[in-house]
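Report on one structure; see the data block that follows.
The values are calculated or read from the model by the stated rules, or taken from the named source; none is laboratory data. Note that the structure is predicted; figures quoted are calculated from it, not measured. Here Cβ is always computed from backbone atoms with ideal geometry, including for glycine, and neighbour counts include all displayed protein chains.
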Amino acid sequence: MTEASRHIAIVDIGKTNAKVAIIDTRQFAEIAVRSLPNVVRQGEPYPHYDIEGMWSFILEALATLNRKHPIDAIVTTTHGAGCALLDDAGELALPILDYEHDGPDAVAAQYDDIRPTFAEIGSPRLPAGLNLGAQIFWQSRRFPEAFAKVAAILTYPQYWAFRFSGIAANEVSSLGAHSDLWRPAAATYSSLVDTLDWRHLFAPIRKASDRLGSIRADIAARTGLRAETAVYCGIHDSNASLLPHLITRQPPFTVISTGTWVVPMAIGGAAVTLDPARDTLLNVNALGAPVASARFMGGREHTILTSGLQTEATPEDVAAVLAKRIMHLPSVQAGSGPFPDRCAEWHGEAPIPPGERQAAIWFYLALMTATCLELIGAEGSNIIEGPFARNDLYLRMLASATGRGVVPKTGSGTGTSLGAALLASQGALPPVARQEVITNADQQWTAYAHAWHAAVAG
């Protein structure tokens, strides 16, 4: 590897938080990071992301990090269900919509009349703006004058790459993330795009690993980065977590990306019929191949359920939860996940002490994940990326519920950042580390998992 590819800046914009991290590709470790909350502005014309505030943070973080770790390349990765509508001058014709805003539901009937079938798009019908096609359709109908000025549509990671390079592009891992805009089996745009005559608006499709160009001169001047700093096309965040395993592992296996969303992605699993009513879908990986996937808003649910809980679960708490079958049943976030129409409830004698609640919450998150895995025909090891990989209760219950080994990915840097860095690593791969494989033969844990599924079914 050349010296010029040593430090890669990852601009990682999640639904809850955003960060700029430096990955040293010689050791594939995150050696520096800056982060802040991803703010949604509630003003007109609708709830939208604070793009200019985010841009200022990104440039300031790059300038600060570059002084100690000279940056050679920039890769962007973001959550799905986001896009930028640009005018002829490359400015936003409309703000970037917060996908949790329910505005698109106002035209749901009209949209559903023209929406392609699940067999074509592999995308479930989701509420609010979680289907990107529904977002754009609503914007075009609600703000026709502004939409008439749209000259280009860019998926969200590629919008930030455009801000850095001035080069407009799109990429399949974002187009294929429950957008309704992509036909995974045919690797082309869906019939919806042509029905609405949008095809000419979408910027050219590039590979996630394509070098779009160098940073703009004004960015180099503002940040102190070298003028030749490379900008890469970028990738959808869950698919960034998947990428290292696609390159280094033999199927079957399943990667479970955890954060605001928990997204299991099965590689080489059993053939199953996906159920769009239970939030299963086909994602599209960085290589352009369809991937059987499922999702639920696990990180958001954890935040809600643990609000105000300061006590961690002790071994005694865990034993009490297992013995008394204290359970949390789905779902906290309605409208998505494997039980979109169920109302959350506690099962067990009240009041439930804080430590026992903590244990039961982690069991709930593990069992929701296990349900998702069953729905997508997952086989082989379960590889956990992100913050859930650090919780032993989650890992052990997932092993108990699935009967398969669980591999927590821990260490320096998130799977999203490290996976995104591979796009610009010039062929360098992470070192192969000894893997901790968690199994759990405790029959009491397995019995709890069976009882939870029975309670949900009942």
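Annotations for the structure displayed:
- Just one of the numbered conditions (1) surrounded by fewer than 23 Cβ atoms within 10 Å (Cβ to Cβ); (2) closer than 23 Å to ASP275 by Cα; (3) of a type in the set (Gly, Ala, Ser) is not true of GLY80: (1).
- Residue-level check: of (1) out of contact with any Pro (no Cβ under 7 Å at 6 or more places or on another chain); (2) in a helix (DSSP H, G or I); (3) within 30 Å of LYS19 (Cβ to Cβ), SER140 misses just (3).
- Number of the exception - ARG216 against (1) surrounded by 23 or more Cβ atoms within 10 Å (Cβ to Cβ); (2) in contact with a Gly (Cβ under 7 Å, 6 or more places away or on another chain); (3) within 24 Å of ASN170 (Cα to Cα): (1)
- For the stretch 303-317, a residue qualifies if it is surrounded by 17 or more Cβ atoms within 10 Å (Cβ to Cβ) and out of contact with any helix residue (DSSP H, G or I) (no Cβ under 6 Å at 6 or more places or on another chain), but none of them does.
- Scanning the stretch 323-381 for residues that are surrounded by fewer than 21 Cβ atoms within 10 Å (Cβ to Cβ), out of contact with any strand residue (DSSP E or B) (no Cβ under 9 Å at 6 or more places or on another chain) and over 27 Å from PRO124 (Cβ atoms) yields ALA323, LYS324, GLU349, ALA350, PRO351, PRO353, PRO354, GLY355.
- Scanning the stretch 41-60 for residues that are in contact with a strand residue (DSSP E or B) (Cβ under 6 Å, 6 or more places away or on another chain) and surrounded by fewer than 16 Cβ atoms within 10 Å (Cβ to Cβ) yields a count of 1.
- VAL263 vs. criteria in a loop (DSSP other than H, G, I, E, B) and either closer than 22 Å to SER417 by Cα or not assigned by TED's automatic domain parsing to the domain that holds ALA152 (or both): no
- Checklist (1) more than 27 Å from GLY14 (Cβ to Cβ); (2) in contact with a Gly (Cβ under 9 Å, 6 or more places away or on another chain); (3) aliphatic (A, V, I, L, M) applied to LEU126, failing item: (1)
- Among the residues of the stretch 179-211, just one is under 19 Å from TYR156 (Cβ atoms), assigned to a helix (DSSP H, G or I) and either among the β-branched types (Val, Ile, Thr) or within 21 Å of the chain's Cα centre (by Cα) (or both), namely VAL193.
- In the stretch 190-205, the residues that are assigned by TED's automatic domain parsing to the domain that holds ALA152 form Cβ pairs under 7 Å with partners that are of a type in the set (Ser, Thr, Tyr) and not in a helix (DSSP H, G or I), at six or more places apart or across chains, as follows: ARG199/TYR189.
- Filtering PHE253, PHE296 for residues that are outside the structural domain of HIS79 (by TED's automatic domain parsing), over 11 Å from the mean Cα position of the chain (by Cα) and of a type in the set (Phe, Trp, Tyr) leaves a single hit, PHE253.
- Residue match in the stretch 290-298 (condition: surrounded by fewer than 24 Cβ atoms within 10 Å (Cβ to Cβ) and of a type in the set (S, T, N, Q)): no
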